[in-house]
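Please treat every number below as a calculation from the coordinates, not as lab data. In this text the structure is predicted, and so the values were computed from the model without any measurement. Here the Cβ is made from the backbone with ideal geometry for all residues, glycine too, and neighbour counts use every protein chain on show.
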Amino acid sequence: MVLVFFTYFALVSIVAGVMTVALKHPVHCGLALLALLLHVSGLFILLNAEFLWAVQVIVYAGAILVLYLFVLMLMNLKTDDRYLHSSYRYFLVPAALGSVYVLSLLLRSPFAGARGDAPTVAVLQDGDTYAVGIKMFSEYLLQFEIVGVFLLGAVIGAIVLAKTPKPIVDKRGR
Amino acid sequence: MVPLSAYVAVSAVLFITGLLGVLIRRNFIIVLMSVEIMLNAANINLVAFSYYLESMAGQLVALFIIAIAAGEAAIGLAIIIVVFRGKISTNVDEMNLLKW
């Protein structure tokens with residue numbers, strides 16, 4: 001059952017990712033990106049990360065994507081004829097070869113490593129949100145605060161950048 | 001049981017798709033969307049390793065990545081609005097004021 005859901009989420013997210021890159025109209029690309037984000041959040045559910053699922057749906061699909069669509073609607077979009085890089089054919093073949101090579105390496109690798117301190121049974125006992133919260137506000141408190149300051153800086157920067165510039169007044173001619 | 005390498009393979013394919021989008025697309029907004037695809041691929045990787053190696057650290061880093069993606073989207077879109085106000089184009093080839 002998990003395998004069926006994994007196959008569905010993986011295939012749809014890959015197809016949506018390719019459509020995001022390949023579609024011509026930017027609004028269609030945004031909607032394909034929405035499909036990608038929702039299916040990636042489905043993958044998070046399969047990995048027992050319900051909190052990240054909620055964050056992905058709320059922050060990515062709810063806030064970031066709406067911001068993209070808002071800017072798309074705000075600007076009068078003209079799809080220019082030359083919408084690809086002029087020498088994109090030279091990128092395609094090395095990218096395809098590189099991806100096949102990386103995939104063959106990945107499917108062969110065992111990925112063994114040191115186990116952490118949060119086995120699935122212990123996480124499922126109190127829920128994923130509890131485990132994330134305990135970890136975040138004990139060991140990762142400094143990073144949490146840094147992210148808060150970063151977001152404040154990003155908000156101020158966005159406001160300052162997008163502000164309508166004042167017309168320049170010549171101060172000498174008073 | 002889905003093997004870990006399946007998740008990593010999905011993540012790799014998505015990452016390469018996003019990288020290709022950044023390289024070949026010329027619309028600034030779609031370039032930013034491709035960056036979001038790459039960040040999502042990294043998130044899948046982090047959460048998959050967090051699940052299979054039984055550690056919470058991956059999920060926390062994925063959370064911080066989502067926060068940083070939100071900041072990046074806000075700043076990027078503000079830059080698009082500024083550029084679009086000056087010259088009516090979102091083609092990244094025509095934004096070459098800082099190029100030397």
Ranked by GNM mean-square fluctuation in chain A (Cα springs under 10 Å), the top entry among A:P94, A:P26, A:P119 is A:P94
Averaged across A:12-19, how many Cβ atoms of other chains sit within 10 Å of each residue's Cβ atom? 5
So, in Å, what gap is there between the alpha-carbon centers of region B:34-100 and region A:21-79? 12
Treating chain B as a set of equal point scatterers at the Cα positions, no solvent, please give the Debye-formula log₁₀ I(q)/I(0) at q = 0.22 Å⁻¹. -1.10
Please work out how much length the chain gains when fully extended from A:V155 to A:V93, using 0.36 nm per residue of separation minus the C-alpha to C-alpha distance, in nm with one decimal. 18.3 nm
Fewest-first ordering of A:D128, A:D117 by Cβ atoms within 10 Å yields A:D117, A:D128
Work out, step by step, the length gained on full extension between A:L142 and A:L107: first 0.36 nm times the residue separation, then minus their alpha carbon distance; give nm to one decimal. 8.9 nm
Debye-sum result for the protein assembly as shown in log10 I(q)/I(0), which assumes one identical scatterer on each alpha carbon, at q = 0.15 Å⁻¹: -1.16
Full-extension gain between A:F5 and A:H28, please, as 0.36 nm times their residue separation minus the C-alpha to C-alpha distance. 5.7 nm
Filter the trypsin sites (Lys or Arg not before Pro) in region A:1-101 to those in DSSP coil with at most 16 other Cβ atoms within 10 Å of their Cβ, and list the result. A:K24, A:K78, A:R82
Under-23-angstrom lysine pairs by C-alpha in the protein assembly as shown, whenever the two are 8 or more apart or on separate chains: 7
